[in-house]
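Shown next, in structure tokens, is the structure this report addresses.
The values are calculated or read from the model by the stated rules, or taken from the named source; none is laboratory data. Just so it is clear, the model here is predicted, and its values are computed rather than measured. Note: ideal-geometry Cβ built from the backbone for every residue, glycine included; neighbour counts use all protein chains shown. Side chains are part of the model used for accessible areas, which takes the heavy atoms of the whole protein and leaves out ligands, DNA and RNA. Shrake-Rupley method; radii C 1.70, N 1.55, O 1.52, S 1.80 Å.
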Amino acid sequence: MRKIIFATNNAHKLSEVQAVLGDAFELITLRECGITEDIPETAPTLEGNALQKARYVYEKTGADCFADDTGLEVDALGGAPGVHSARYATDGHDFAANNRLLLKNLEGVENRSAHFRTVIALILDGEEYLFEGRVEGVIATEESGCGGFGYDPLFVPSGEIITFAEMSAEAKNAISHRGRAVAELVKFLKQR
Ligand code: ITT
């Protein structure tokens with residue numbers, strides 16, 4: 001089984017991606033390769049951050065690796081929180097505070113359309129590749145569900161009447177931004 005490092009500290013993401021990858025690839029975690037520090041994410045775009053994380057791991061390990069960066073882009077907020085999705089309300093990854101702030105900023109707003117966008121940067125045999133996945137939807141007026149993470153309790157994907165947090169992991173992965181980006185990654189890896 002081919003090994004590949006997934007540069008994330010987010011356990012939810014790790015299990016989502018492993019489910020989509022199946023058993024064709026073994027995901028190695030940052031902890032398993034001795035990287036315990038926070039990897040800088042200081043670029044102004046999702047593409048830049050994904051590349052920054054992947055390059056950091058490649059420089060430390062010389063091994064095949066990939067990283068993703070995801071943003072929730074809300075039309076009525078000019079694409080915010082976007083690249084700042086993790087630190088929208090506070091300096092940390094406070095999902096509850098982020099959701100509260102999003103609801104506050106959309107109070108009384110009729111156009112609640114939004115999308116999640118994921119960019120994956122892969123470094124394979126020293127070459128860099130980018131993959132993207134996105135899912136359209138709307139921001140609900142209150143939180144529902146306790147699955148998933150982040151903005152999932154507020155995001156209702158197009159064609160559905162429930163939030164990502166109310167879906168099973170399989171149902172979310174089948175249509176999600178990350179699921180789609182990982183599917184592109186897997187298609188590419190399987191061709192190699
Ligand atoms: P790593 O950088 O360690 O991979 P992270 O939690 O910072 O993990 P991202 O930068 O990719 O993850 O995502 C930024 C934020 O966007 C994340 O903290 C969540 O608030 C939100 N987010 C990402 N993917 C999501 C998803 O599938 N569902 C809901 N919210 C998500």
Karplus-derived 3J(HN,Hα), 6.51/-1.76/1.60, for each residue of segment 50-65, Hz, glycine and proline x: 4, 5, 4, 5, 5, 5, 4, 5, 5, 5, 7, 10, x, 9, 4, 7
Cα-based Lys pair tally, the chain, threshold under 29 Å, eight or more apart or on separate chains: 20
Rounded accessible area of residue 95 (nearest 10 Å², 1.4 Å probe): 70 Å²
3J(HN,Hα) from dihedral phi, segment 95-110, Karplus parametrisation 6.51/-1.76/1.60, rounded to Hz, x for glycine, proline: 4, 5, 5, 4, 5, 4, 5, 4, 4, 5, 5, 9, 4, x, 8, 7
Principal axis dimensions, segment 1-69 - Cα atoms, whole angstrom, descending: 34, 21, 17
Vicinal HN-Hα couplings computed from phi for segment 142-156 (Karplus, 6.51 cos²θ - 1.76 cosθ + 1.60; Hz; Gly/Pro x): 8, 6, 9, x, 10, x, x, 7, x, 7, 3, x, 10, 9, 9
Gyration tensor (alpha-carbon) shape descriptor, segment 1-119, a/c threshold 1.5: prolate
Estimated translational D of segment 51-192 in µm²/s (Stokes, Kirkwood radius over Cα pairs; 10 °C; 1.306 mPa s): 99 µm²/s
Amide hydrogen neighbours beyond the local backbone of residue 145, cut-off 5 Å, H modeled: none
Residues with amide H under 5 Å from that of residue 8, placed H, sequence gap 5 or more: 30
Residue 158 versus residue 130: modelled label distance in nm, points set 7 Å from Cα along the beta carbon direction: 2.2 nm
GluC sites (Glu not before Pro), loop per DSSP, at most 11 other Cβ atoms within 10 Å - longest free stretch of the chain: 38-106
For segment 146-192, Kirkwood radius (reciprocal of mean inverse C-alpha pair distance, Å): 11.4 Å
Percent accessible area from carbon and sulfur atoms, the chain, protein chains only, probe 1.4 Å: 50 percent
